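Written out below as structure tokens is the structure these notes cover.
The values are calculated or read from the model by the stated rules, or taken from the named source; none is laboratory data. Only a predicted model underlies this, so the values are computations on that prediction, with no experimental measurement involved. Note: ideal-geometry Cβ built from the backbone for every residue, glycine included; neighbour counts use all protein chains shown. Just so you know, the surface numbers come from the protein's heavy atoms only, side chains and all, with ligands and any DNA or RNA stripped out. Shrake-Rupley method; radii C 1.70, N 1.55, O 1.52, S 1.80 Å.
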Amino acid sequence: MTLLLASSWGDMDPYFGKWRELLSGQPGGIEVRLYPDELGDVRDITAALVWDPPPGLLAGLPRLRLIQSLGMGVDHIFKHDDLPAGVPVARLVDPDLVARMSEYCVHSVLHYHRDADRYDRDQAANRWNPVSHPAASTRRVGVMGVGAIGADTARKLKLLDFDVAGWSRTPKDIPGVAGFHGADGFDAFMQRSEIIVCLLPLTPETEGILDARALALMPVGGGIINAARGGHVVDADLIAALDGRKLKFAKLDVFREEPLPKDHPFWTHPKIRLTPHNAGITNPVTAAAEVAENYRRVERGEPPNNIVDPARGY
Ligand code: NDP
Ligand code: OXD
């Protein structure tokens, strides 16, 4: 059995080199090849560890038994609709990555809750202007997607005393977090949420979910934090909501096109803060054991952990 590490991104060699070192060092060792230079005989490849795999690559591996995502999301695997039938797709569910993601979201919520930009502006103008801020218990935060990352984020925000709600496909029961679910629960969830934190997977159902209609439901002066996927936001609708004074801010880690094109209006918009899709970068040191475990499971003829449902897309 051999594992292929592949991505259609540019030079991933230093990162992939770290993965190879860690996977080779797992008990029993795992033979790792780096795409494209080390592809060799495709009949040797039984597992593929991928991020945005080159179109058609996976369908051309006749003995493939596992498609393992390098991240928690899997939209990058499903996007070309060219997967070999019957091969399970598994995602990472790494506590280290969950913690990095919820840290990013909590930090972003606190940034806006305490109006941090205002004090940057005041300092730049040598202006002493103390203002009392609302209590966290009166700040309504809505977490879209209450899965591994969303549930952790909601719990941490609750610990800070925010008034937190979650929206998911199926009902959830997180102590102290108001639950909304399904299409029927969407409008009420948006209407009560001053700060939206998007942590949904990108699927045909969630594509463009933060559009003009959804943003119009939010309270005036609210804002969104998107750490999920750029495809959740309709860019022009977000800019219109920010320019029209409906929304006060947007914090974005993910974009429809990445890297964000240099002439994209998000770069210079005064109400947008952005980061380069690094809210949570998979750490091979913490995630390698999970990949190795899935590799061993398919080697023994068992299903891998954290299989994704292709029909749902997550
Ligand atoms: P999970 O699969 O654990 O959770 C997804 C949540 O979204 C679930 O609560 C699910 O509902 C809900 N959901 C899915 N579809 C719908 C729908 N149509 N309507 C309502 N709710 C829906 O995902 P994770 O928490 O692990 O990850 C979320 C996303 O975060 C990833 O897909 C990825 O895109 C992004 N991510 C971004 C990173 C970054 O660096 N920016 C790093 C890691 C992840 P239910 O529970 O009912 O099924
Ligand atoms: C992921 C990501 O899905 O880093 O893990 O975006």
* Among residues belonging to the stretch 243-260 that are more than 20 Å from the chain's Cα centre (by Cα) and farther than 28 Å from ASP152 by Cβ, point out the one that is surrounded by the most Cβ atoms within 10 Å (Cβ to Cβ). => LYS246
* To do: Hey, could you check the stretch 124-155 for residues that are within 18 Å of GLU194 (Cβ to Cβ), among the polar types (S, T, N, Q) and more than 16 Å from ligand 1 (Cβ to nearest atom) and say which is most open to solvent (accessible area, probe 1.4 Å)?
  => SER132
* Subset of the stretch 218-242 [within 25 Å of ARG312 (Cβ to Cβ) and open to solvent by 20 Å² or more (accessible area, probe 1.4 Å)] -> ARG229, VAL234
* Among residues of the stretch 114-156, those that are touching a residue at least 24 places away in the same chain (Cβ under 8 Å) and in a loop (DSSP other than H, G, I, E, B), counted -> 5
* To do: Output the residue which, of all residues in the stretch 261-275 that are under 18 Å from ILE225 (Cβ atoms) and charged (D, E, K, R), is surrounded by the most Cβ atoms within 10 Å (Cβ to Cβ).
  => ARG273
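Only one residue in PRO310, PRO219 is over 30 Å from PRO134 (Cβ atoms) and either at pLDDT 95 or above or of a type outside the set (A, V, I, L, M) (or both), so which one is that?
PRO310
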* Asked: Pairs under 8 Å by beta carbon, first residue part of a loop (DSSP other than H, G, I, E, B) in the stretch 172-201, partner aromatic (Phe, Trp, Tyr) and open to solvent by less than 50 Å² (accessible area, probe 1.4 Å), six or more apart or different chains?
  -> none
* To do: Could you pull out the residue among VAL298, VAL308 that is among the aliphatic types (A, V, I, L, M) and within 16 Å of ligand 2 (Cβ to nearest atom)?
  => VAL308
* **Tabulated pairs, the stretch 293-314, first on the phi > 0 side of the Ramachandran plot, second away from ligand 1 (no atom under 12 Å from the Cβ) and open to solvent by 60 Å² or more (accessible area, probe 1.4 Å), C-beta under 9 angstrom, 6+ apart or interchain** => GLY301/ARG65
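If you take the residues in the stretch 53-92 that are more than 10 Å from ligand 2 (Cβ to nearest atom) and closer than 30 Å to LYS156 by Cβ, which one is surrounded by the most Cβ atoms within 10 Å (Cβ to Cβ)?
Only one residue fits best here, namely ILE77.
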